Amino acid sequence: MKTKPILIDFDGVVKLGHSPASDAKEFFNFINANKIPACILSNSTLRTGDLIQEFFSSHGITFSIPALTAFDAALSFVKKNYKRIQVYCRDYLVHHFEGMIDDENPEAIVIGDIGDKWDYQMMNDIFKRVFAGADLVAMHKNKYWNPSGKVLIDAGAFIAGIEYATSKEAIVIGKPSPHYFKAALEKIGVNIDDGFFIIGDDIENDVKAAQDLGGKGILIFTGKTKFPLESDSVVKPDFEAHSLKEVINLISE
């Protein structure tokens, strides 16, 4: 069997809540058995690709598919382009930027996930740095997410506010940035011009972003997008599925 490479969203697709999807192991076995080039993508800035591997391993699922997170991609981008940064991310990830952090004179402000730590003072501090000339680097620009089934506002709303106040556009690293998709395909040795599938639960950041690059989007209704898709949706997925088992059937066909 030969099929196009597959990019696989993490949250809402192969990870549901705090656990792997019930059919994730079967899906990974299918990918491995058919030697389909694949990469797991996560717009999360809560973990690295290595931590994604550890997550599945802790649940008894092993596989050889690489993983790339928005944090990984942002870290690589920042190291290539800046010497001094101020970073807002989870405390346990800050050490990855060791030797670069300069809270007094940063060249760029790097924003990831900080949960409910957002407040006016923080927003104003970031605003002043960016207004004075620092670049604004967003690990992602998600509108919302739904950990444990609860819909919560995401960092994208705060980043958009800073963009509005400074009239300066953020450099977005994660989905839907084309750079992120290209980096994932390069990671598995695939040319983007040859086409690819993405399996995702986000109609804009997954499906539309892939279609804009010539890929095909499989929208799965196990995460943030609920069935049925709204009839007035401008974006139309190439395929729809209600489970990874259905995805296996779609790919097999």
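Mind ranking Arg90, Arg47 by accessible surface for me, highest first, 1.4 Å probe?
Details: Arg90 70, Arg47 45 Å².
Greatest to least solvent exposure: Arg90, Arg47.
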- Query: Based on Cβ point charges of +1 for Lys and Arg and -1 for Asp and Glu, what charge dipole magnitude is obtained for the chain about its Cα centre, in debye rounded to the nearest 20?
  - Reply: 320
- Message: Given bins 10 angstrom wide, list per bin the percent of all Cα-Cα distances in the chain, short to long.
- Response: 7, 31, 35, 20, 7, 0
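At 0.36 nm per residue, minus the direct Cα-Cα distance, what do Glu26 and Asn146 gain on full extension? Give it in nm, one decimal, please. Show your work: numbers first, answer last.
Values: separation 120, 0.36 × 120 = 43.20 nm, distance 2.45 nm.
So the chain would gain 40.7 nm between Glu26 and Asn146.
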- Which percentage, to the nearest 5, of the DSSP beta bridges contained in the chain is antiparallel? 10
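To the nearest 0.05, how large is the calculated FRET efficiency for His95 and Asp212 if R₀ is 25 Å and r is the Cβ-Cβ distance? Before the final figure, lay out the partial values.
Numbers: r = 35 Å, r/R0 = 1.41.
Here the calculated transfer efficiency is 0.10.
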- Task: Taking a cut-off of 20 Å between Cα atoms, list the lysines near Lys150, but don't count ones fewer than 8 places away on the same chain.
- Result: Lys15, Lys117, Lys141, Lys224, Lys226
- Query: aspartates and glutamates near Lys128 by alpha-carbon distance under 16 Å, same-chain residues fewer than 8 away left out - which ones?
  - Reply: Asp102, Asp103, Glu104, Glu107, Asp119, Glu163, Glu169
- Query: Among 81-87, 148-154, how do they line up from the highest to the lowest mean number of other beta-carbon atoms within 10 Å?
  - Reply: 81-87, 148-154
- Item | For the stretch 19-42 versus the stretch 88-136, the gap between their alpha-carbon centres in whole angstrom | 35
- Item | Candidate aspartates and glutamates - alpha carbon under 14 Å from Lys143, same-chain residues fewer than 8 apart omitted | Asp113, Asp154, Asp201, Asp202, Glu204, Asp206
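Over all directions, how big on average is the projection of the convex hull of the alpha-carbon atoms in the stretch 4-70, in square nanometres? It would help to have the intermediate numbers written out before the result.
On the way: hull surface 16.5 nm².
The number I arrive at for the stretch 4-70 is 4.1 nm².
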- Which whole-percent values make up P(r) of the stretch 82-223 when all C-alpha to C-alpha distances are grouped in 10 Å steps starting at zero? 11, 35, 33, 20, 2
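The values are calculated or read from the model by the stated rules, or taken from the named source; none is laboratory data. Every value quoted in this text rests on a predicted model; they were computed, and no experiment measured them. Neighbour counts are summed over all protein chains in view; Cβ atoms, including those assigned to glycine, are modelled from backbone coordinates with ideal geometry. Quick note on the areas: whole protein, heavy atoms, side chains included, nothing else; ligands and nucleic acids left out. Shrake-Rupley method; radii C 1.70, N 1.55, O 1.52, S 1.80 Å.
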